[in-house]
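Enquirer: Pasting a structure here, questions to come.
What follows draws every value from the coordinates through simple rules; no lab data is involved. Model, not experiment: these values are computed from the prediction. Note: ideal-geometry Cβ built from the backbone for every residue, glycine included; neighbour counts use all protein chains shown.
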C-alpha cells in the first residue's frame, strides 16, 4: 500500500472514531436534573476528542502555533466529577476547543427561557493580566436558531478592562443576570475566505459589518502573555463536517491585539 493510501486509510479511520464519539456527545446518554424535569442538561463519558486531532495547515509563528496545537492534541475527556457543570449546549465548544492553555474560565450555569420550557446554558468568566492591566473576559454559550440549519450551539465573547463584577452565590443564574454581569466590547470576527493567513489582515468586524457576524465556536488561550482567539464555524462543526466524507474542521487561531484589531496566526485542520 502506498504512503498516500496508508495516510488516507488512517485519516478515514480517525474521522470515523471522532465522528462516532462526537455523535455520542449529542445523544442523550446520561440525564442530570436541575430542580425540575423540564430543565435538563446532559453529558457523556465518551471521549469527544481523541489525541492528535489537529494538524497545522498554515502558520505565521510556530512558537505560538506549536504550543496551541500541542495543547489541542491532548485527549479531551469529560471529567465525571464535573458532569453537573456541563450543559449539553457547551459540549461542542468544550470538545472541539477545550485546552489546558485556555484562560482560567469559571463556569456559571444559566437558565435560558425557551417558550414554556427552560434550557440550561452557561456563562464562563475569567480574569487575566494582559498588557500589564487586569482584563475581564466573558464567554456566553447558548443556542442560536437559524432558518437554514435550526438550532446551533454558539459562543459569544466580551472583554472589559478592570476586575470582574461580583457573581451571585446562586449556582444557577437567570438570563437577566447575564445582561447585568457582562461588560465591555464583544469580540466579533469574520473567518470566511481566509485563504492566506500570512497576509496582515484584520479580521475584526466593526461598524455595519458587525451585523454580518456568523455563528461561531470560540475559546481564548493565553500564550506567552499574549491573548488568542480559537475560532470554528459552528455550521461546519455541527452540520457540514459530520456529514462530509473527510470530516474536516477548520480551526483558526487569531491574535487579539485589541477588540478591533484581530489578526490570523495559525490555520489548523482536524485530521
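Enquirer: Hey, rough spin-label estimate for residue 55 and residue 185, points 7 angstrom out along Cα→Cβ, what's it come to in nanometres?
Expert: Result for the modelled spin labels: 3.7 nm.
Enquirer: Under a point spin-label approximation (7 Å from Cα along Cα-to-Cβ), what is the residue 175-residue 257 distance to one decimal in nm?
Expert: Result for the modelled spin labels: 3.8 nm.
Enquirer: Now for a different question. Got a sec? How would 267, 158 order by Cβ neighbour count within 10 Å, fewest to most? Walk me through the numbers on the way to the answer.
Expert: Working: 267 21, 158 17.
Exposure proxy ranking, most exposed first: 158, 267.
Enquirer: Can you tell me how much longer the chain between residue 145 and residue 212 gets when fully stretched, taken as 0.36 nm per residue apart minus their C-alpha distance, in nm with one decimal?
Expert: Numbers: separation 67, 0.36 × 67 = 24.12 nm, distance 1.54 nm.
So the chain would gain 22.6 nm between residue 145 and residue 212.
Enquirer: Next up: Rank by packing, highest mean first: peptides 167-175, 101-109, with packing defined as the count of other Cβ atoms within 10 Å averaged across residues. Don't skip to the end; give the middle numbers.
Expert: On the way: 167-175: 12.9, 101-109: 16.7.
Ranked by mean Cβ neighbours within 10 Å, highest first: 101-109, 167-175.
Enquirer: Turning to a different aspect of this structure: Report the rotationally averaged projected area of the stretch 145-233 based on its alpha-carbon convex hull, in square nanometres. Walk me through the numbers on the way to the answer.
Expert: On the way: hull surface 34.6 nm².
Result: 8.7 nm².
Enquirer: A follow-up question, please. Just subtract the alpha-carbon distance of residue 196 and residue 134 from 0.36 nm times their residue separation and send over the number in nm, one decimal. Let's see the in-between values first.
Expert: Values: separation 62, 0.36 × 62 = 22.32 nm, distance 3.31 nm.
Value of the extension gain: 19.0 nm.
Enquirer: Going by average Cβ density within 10 Å per residue, which order do the peptides 132-141, 84-93 take, highest to lowest?
Expert: Details: 132-141: 18.0, 84-93: 21.3.
Those peptides, ordered most packed to least, come out 84-93, 132-141.
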